[in-house]
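Data block below; observations after.
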Amino acid sequence: MSEFGQEKSRKEASMAHAYTPGLKVKRFTIVSKMRRLPIPGEVLVEKGDTVTHDQVVARTQVPGEIHLINVANALGVDPEEIPQFMLKKLKDSVAKNEVIAKRSSFFGLFKSFVYAPSDGTIELISEVTGQIALREPFVPVEITAYIPGKVVHVMPREGVTIRTPAALVQGIFGVGGEAHANLKMTASTPDEVLTPEKINPSCEGKVLVGGSLVTGEALAKAVKTGVKGIVVGGVEDEDLIKFLGYEIGVAITGQEEIGTTLIITEGFGRMKMPHRTFDLLKSFDGREASINGATQIRAGVIRPEIVIALKDTEVKGLVEEAEETGGGMAPGTPIRVIREPYFGAIGHVASLPVELQVVETESDVRVVEIELEDGRRVVVPRANVEIIEE
Amino acid sequence: MRLAKFRERRGTTSQRQTKKPEEFEIMLVTDVGSTTTKARLFRKKSNEYRFVSSGEAPTTVEAPFEDVTRGVRNAVREVEELTGLRLLEEEGIVWPRRASGDGVDLYATTSSAGGGLQMMVAGVVKTMTAESAERAALGAGAIVMDVIAIDDGRMPHQKIERIRTLRPDMILLAGGTDGGTITHVAEITELIAAAEPKARLGIGYELPIVYAGNKDARAPISKTLEDKFALKIVDNIRPVLELENTDPARDAIHELFMEHVMSHAPGYDKLMKWTDVPIMPTPAGEGRMFRTLAELRKVNVIGVGLGGATTNVYSIYDGKFVRTVSANLGMSYSICNVLKEATIGNIMRWVPFDIEPVVVRNRLRNKMIRPTTIPQTLEELMVEHAVAREALRLGFEHHKQLARGLRGVQRVRTMGEIFEQSAEEETYIDMMRVDFLAGTGGLLSHAPRRAQSALLLMDGFQPDGLTKLAQDSVFMMPHLGVLSTVHPQAALEIFEKDCLVRLGTCIAPRGTLEKGGNALSFKVEAEGSVVEENVAFGSIRVVPLESGKTAKLVLSPVKDLDVGRGPGHGLETTVEGGVVGLIFDCRGRPLSIPVDPAARRQKLLEWFQAMSAYPENVYERIRSGEVKEGS
């Protein structure tokens, strides 16, 4: 290779900045939610309006199902002949079972009919294929506010943005969609496991906050009991597969219809929820929360969330917590390790060596020296830690 | 030519750039990947073009940034820091180069951010026009989300429902041979029109459709589609059954990719103003360089790009170029899809230490949700390598399904073919006739030891006979691919000197020996020294032979094993070395791994050790049982 050397280049290539996913755990922040229709429609609220979580803010009508019917085949005629047998014209409305095409032969002795399979409108009459297309009536779609708050922006015909002061916890992964319910603590410490015994009828309609793990049995019982959501540190992959009935290949979730919403804050396996997250949720025990398990790690980075809207009186005098910058590690910064061999360990930055260091795999990487909670000093690639906000 | 045409269309001719490509001295190319944006700087020195420096930064296509140029700036800033050159200014890249010496003569980029180019493909018959359309879309660098055909086994309403929910960037529609019936292609067109699919990016813009079917159907198809879509008509992809003509469709896809898709992705409107070279999908850039390798050496090549989200496999075999992309087989975002498709059992067969499958499962899930983390321990690295082998194997299996002869063509079969039931149903790729196997992508390029990449390629593809192994040095194949559209000579020089790392030659006899024993004997003569040995069946032996050196090789396999001249036949030839050397892979083809866990682990360690794939001390640690579950 050139004077610049391949090995040097390989080192350079591995110098990528550490990327912290930037999960938010905030006692007070401003949450804005864009509520957008899939296709243009009607916005039902105005800028400045105060909305509740289940209030419909916009609605539209999506085109109905389409039926393709081969009229030429059904009548036994050539495609180009079908217009003369059609009883309905393009854009005509039809009712279910109404005759839409008819052919008489042998002086009316034999008749063949084509009936409408549903209500709808004729959208196509093709003389090339002999097909017609019948579109079912439009289907209404409504979007609710999801979080209570104030409408701060209206996108005409598309949707709105709602804003509220809130406490916000982002999880790392979730399944199940939007829900709204009161929080209920089921653990007194963040390393407790959420087992079926802890789920009783009082959990119905609640969002349960557990500790380090939810077991497969507890998930099943939660659904049976009518629990609206579960927030815990971790879940075993095998339990999640059993719970869903299938294995997730790519992390794009939120559409699952599983009877509850599950949010994990740390990862797969038994994972102690950090004190900060646990204490924050505990301080809102019994309060209303909007939750969403939707996760999309690629293209969009959507993380699951727990939003607890705050009243104006509660936020008086509070200062909004600063946004994470994604960098900003310095000696003393509290961090969490997010990869083996110290996965889940919490500590603070002891030093940030400038030079690349060779780790056990023999890769040259940028590292951080950490003093762990138990006093040990360990060296970890910077890519394998995330900052804990305090 | 391509550049001149593009400049003309964009009206940028001579507005900013007046130099001819041969006068370029400093060239900057970026690849905006799904995870990372990689900048590479190339420079002319002593009359030759060389790779100089690289910089990397997280891609910023997503919230909260939603502007790819920020990631590009960060990556280029690293290059600035490393070289001392001034490359950035408020408006973007400093280009063209100033009299002060600041800036570059050329800036170009490839992109796969935000999911790359996602296409839906439609044709009449699944195994004929639809398959040709799929090959054309894949060849253009697209991810094919679904292939719709009249005979794909789904009811019309199911197809409509599927088309509606897909939200592709573009549709390629083919069907019928020129002069043939137009009914079926009209039928599939009506299906698309009825479904009214919406584009993935940008609300309210017309979804582009490329029509490359029966030319006689153009009028009715225009009538059905032109009000609802941005329709572009090109020459038929299968003008006659015996011919596949994918180039016009591919060119149209590239043009629409720039004009419609890229201009709606976050920040690309800005990025497009930074360069006057069309932005190319990353796989299209990669594919160009694998093709270059095949053309330069006049050999059959299989290439692979193992990325974070996808695995792209390329074959240039007897002059035919085929690319496939396995959209959800990758080493970061899609790692759990590899787990799902390969199954945990197949991944575990490559793990050389005792660990519970449930622990591996959880670890892979944790990589999926934190995709930018890297292995710190050797055991973690070995688990990632186990997944990589399966991603390569599955990616290649997928590839072989498309790398096959045109179907539906009537031809006279020999009696042998009739009895073998093979012909066009199977791939035409014969691993014995593949001369070059080359890899690129983060995991392969950044593997701490080159022997690891060599072993991953061998295990994932299982080459037969004599196959040269190579890899991309620091991941710059896409960069060189787009550079070659403007300055082919520079791209070639850099490719040969700085990009292509020769790993060595793999010598793998085809066949198996039930009872084991000696597999072959070899004699290697290089620079006066002679190595003569027997290799036992089930083992690997490496003979060092430096990159750029050749050796005379005499091979004598036992009677059931074939090194290219038929079972039991020996051969004499000249072989090329590499950073690993000559690898005598006598593990058998197909490769068999012991079923018993302890025996399997033992065998894997033997193979890894023979390749010097990992540091020596790890083998003892594993054998002594020090490395166990959760360690």
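The values are calculated or read from the model by the stated rules, or taken from the named source; none is laboratory data. In this text, all values refer to a predicted model and were calculated from it rather than measured experimentally. Every residue, glycine among them, receives a Cβ derived from its backbone with ideal geometry; neighbour counts consider all protein chains shown.
Have a look at B:147, B:121 and point out the one that is outside the structural domain of residue B:324 (by TED's automatic domain parsing), under 20 Å from residue B:321 (Cβ atoms) and surrounded by fewer than 20 Cβ atoms within 10 Å (Cβ to Cβ). That would be B:147, the only listed residue that is outside the structural domain of residue B:324 (by TED's automatic domain parsing), under 20 Å from residue B:321 (Cβ atoms) and surrounded by fewer than 20 Cβ atoms within 10 Å (Cβ to Cβ). Just one residue in the set B:227, B:269, B:251 is without any contact (Cβ under 8 Å) to a residue 12 or more places away in the chain and within 30 Å of the chain's Cα centre (by Cα); that residue is B:269. Please verify whether the stretch A:247-259 includes one or more residues that are within 14 Å of chain B (Cβ to nearest Cβ), aliphatic (A, V, I, L, M) and in contact with a Gly (Cβ under 8 Å, 6 or more places away or on another chain). Taking every residue of the stretch A:247-259 in turn, none turns out to be within 14 Å of chain B (Cβ to nearest Cβ), aliphatic (A, V, I, L, M) and in contact with a Gly (Cβ under 8 Å, 6 or more places away or on another chain).
Would you check if residue B:107 is among the aromatic types (Phe, Trp, Tyr) and crowded, with 23+ Cβ neighbours inside 10 Å? So residue B:107 passes the test.
Pairs meeting the criteria (first residue in the stretch B:60-78 and farther than 15 Å from residue B:270 by Cα and aliphatic (A, V, I, L, M), second residue at pLDDT below 90 and surrounded by fewer than 20 Cβ atoms within 10 Å (Cβ to Cβ), beta carbons under 8 Å, at least 6 apart or on different chains) are B:63/A:300; B:63/A:301.
Taking each residue of the stretch A:58-84 that is over 20 Å from residue A:117 (Cα atoms) and looking for partners that are of a type in the set (Asp, Glu) and modelled with pLDDT of 90 or more with beta-carbon atoms closer than 6 Å, six or more apart or interchain, yields A:59/A:42; A:59/A:142. Scanning the stretch A:333-366 for residues that are within 28 Å of the chain's Cα centre (by Cα) and either within 13 Å of chain B (Cβ to nearest Cβ) or buried (at least 20 other Cβ atoms within 10 Å of the Cβ) (or both) gives A:335, A:336, A:337, A:338, A:339, A:340, A:343, A:344, A:345. Of all residues in the stretch B:337-354, those satisfying the criterion of being assigned to a loop (DSSP other than H, G, I, E, B), more than 11 Å from chain A (Cβ to nearest Cβ) and either of a type outside the set (Lys, Arg) or free of Cβ contacts under 8 Å to residues at least 60 places away in the same chain (or both) are B:350, B:351, B:352, B:353, B:354.
Scanning the stretch A:117-163 for residues being in contact (Cβ under 8 Å) with a residue 60 or more places away in the chain and more than 30 Å from residue B:124 (Cβ to Cβ) gives a total of 27. The set of residues in the stretch B:355-374 that are assigned to a loop (DSSP other than H, G, I, E, B), crowded, with 21+ Cβ neighbours inside 10 Å and out of contact with any strand residue (DSSP E or B) (no Cβ under 9 Å at 6 or more places or on another chain) contains only B:371. Between A:113, A:107, the distinction of being away from chain B (no Cβ under 12 Å) and either surrounded by 17 or more Cβ atoms within 10 Å (Cβ to Cβ) or under 30 Å from residue B:185 (Cβ atoms) (or both) belongs to A:113 only.
Residue-by-condition table, conditions (1) small (Gly, Ala, Ser); (2) closer than 30 Å to residue A:153 by Cα; (3) within 46 Å of the chain's Cα centre (by Cα):
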| residue | (1), (2), (3) |
| --- | --- |
| A:48 | yes, yes, yes |
| A:52 | no, yes, yes |
| A:71 | no, no, yes |
| A:82 | no, no, no |
| A:104 | yes, no, no |
| A:119 | no, no, yes |
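Before we move on, is residue A:188 part of a strand (DSSP E or B) and either surrounded by fewer than 13 Cβ atoms within 10 Å (Cβ to Cβ) or over 20 Å from the mean Cα position of the chain (by Cα) (or both)? So residue A:188 fails the test. If the condition is being on the phi < 0 side of the Ramachandran plot and within 14 Å of another protein chain (Cβ to nearest Cβ), then the stretch B:87-118 contributes B:111, B:112, B:113, B:117, B:118.
Say whether the condition of being under 26 Å from the mean Cα position of the chain (by Cα), more than 14 Å from chain A (Cβ to nearest Cβ) and not in a helix (DSSP H, G or I) is met by at least one residue in the stretch B:230-240. Among the residues of the stretch B:230-240, at least one is under 26 Å from the mean Cα position of the chain (by Cα), more than 14 Å from chain A (Cβ to nearest Cβ) and not in a helix (DSSP H, G or I), which makes the answer yes. Filtering the stretch A:213-265 to residues that are assigned to a helix (DSSP H, G or I) and aliphatic (A, V, I, L, M) leaves A:218, A:219, A:220, A:222, A:223, A:240, A:241, A:244. Of everything in the stretch A:57-75 that's surrounded by fewer than 21 Cβ atoms within 10 Å (Cβ to Cβ) and under 16 Å from residue A:139 (Cα atoms), which residue is farthest from the other protein chains (Cβ to nearest Cβ)? Only one residue fits best here, namely A:59. Just so you know, in the stretch B:37-61 the residues that are part of a loop (DSSP other than H, G, I, E, B) and surrounded by fewer than 22 Cβ atoms within 10 Å (Cβ to Cβ) include one that is farthest from the other protein chains (Cβ to nearest Cβ), and it is B:47.
Residues checked against (1) part of a helix (DSSP H, G or I); (2) away from chain A (no Cβ under 14 Å); (3) surrounded by fewer than 21 Cβ atoms within 10 Å (Cβ to Cβ):
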| site | (1), (2), (3) |
| --- | --- |
| B:598 | yes, yes, yes |
| B:606 | yes, yes, yes |
| B:609 | yes, yes, yes |
| B:613 | no, no, no |
| B:626 | no, no, yes |
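Among residues of the stretch A:367-384 being within 24 Å of residue A:275 (Cβ to Cβ) and part of a helix (DSSP H, G or I), the one that is nearest to the chain's Cα centre (by Cα) is A:384.
Selection within the stretch B:521-533: residues that are at pLDDT below 95 and out of contact with any Gly (no Cβ under 9 Å at 6 or more places or on another chain). The member of this set that is nearest to residue B:479 (Cα to Cα) is B:527.
Of the residues making up the stretch B:532-545, none is of a type in the set (Asp, Glu) and assigned to a loop (DSSP other than H, G, I, E, B).
If you go through the stretch B:200-226 and keep only what is more than 12 Å from chain A (Cβ to nearest Cβ) and part of a loop (DSSP other than H, G, I, E, B), you end up with B:202, B:205, B:206, B:207, B:212, B:213, B:226. Is it true that some residue in the stretch B:114-123 is touching a residue at least 60 places away in the same chain (Cβ under 8 Å), over 19 Å from residue B:252 (Cα atoms) and part of a helix (DSSP H, G or I)? Looking through the stretch B:114-123, at least one residue is touching a residue at least 60 places away in the same chain (Cβ under 8 Å), over 19 Å from residue B:252 (Cα atoms) and part of a helix (DSSP H, G or I). Residue check: residue B:315 meets all listed conditions (1) in a loop (DSSP other than H, G, I, E, B); (2) closer than 19 Å to residue B:396 by Cα; (3) more than 14 Å from chain A (Cβ to nearest Cβ) but one, namely (1). Only one of the numbered conditions (1) over 23 Å from residue B:281 (Cβ atoms); (2) in a helix (DSSP H, G or I) is not met by residue B:70, and that is (1). Of the residues examined, residue A:360 is one that is of a type in the set (Asp, Glu), modelled with pLDDT of 90 or more and outside the structural domain of residue A:232 (by TED's automatic domain parsing).
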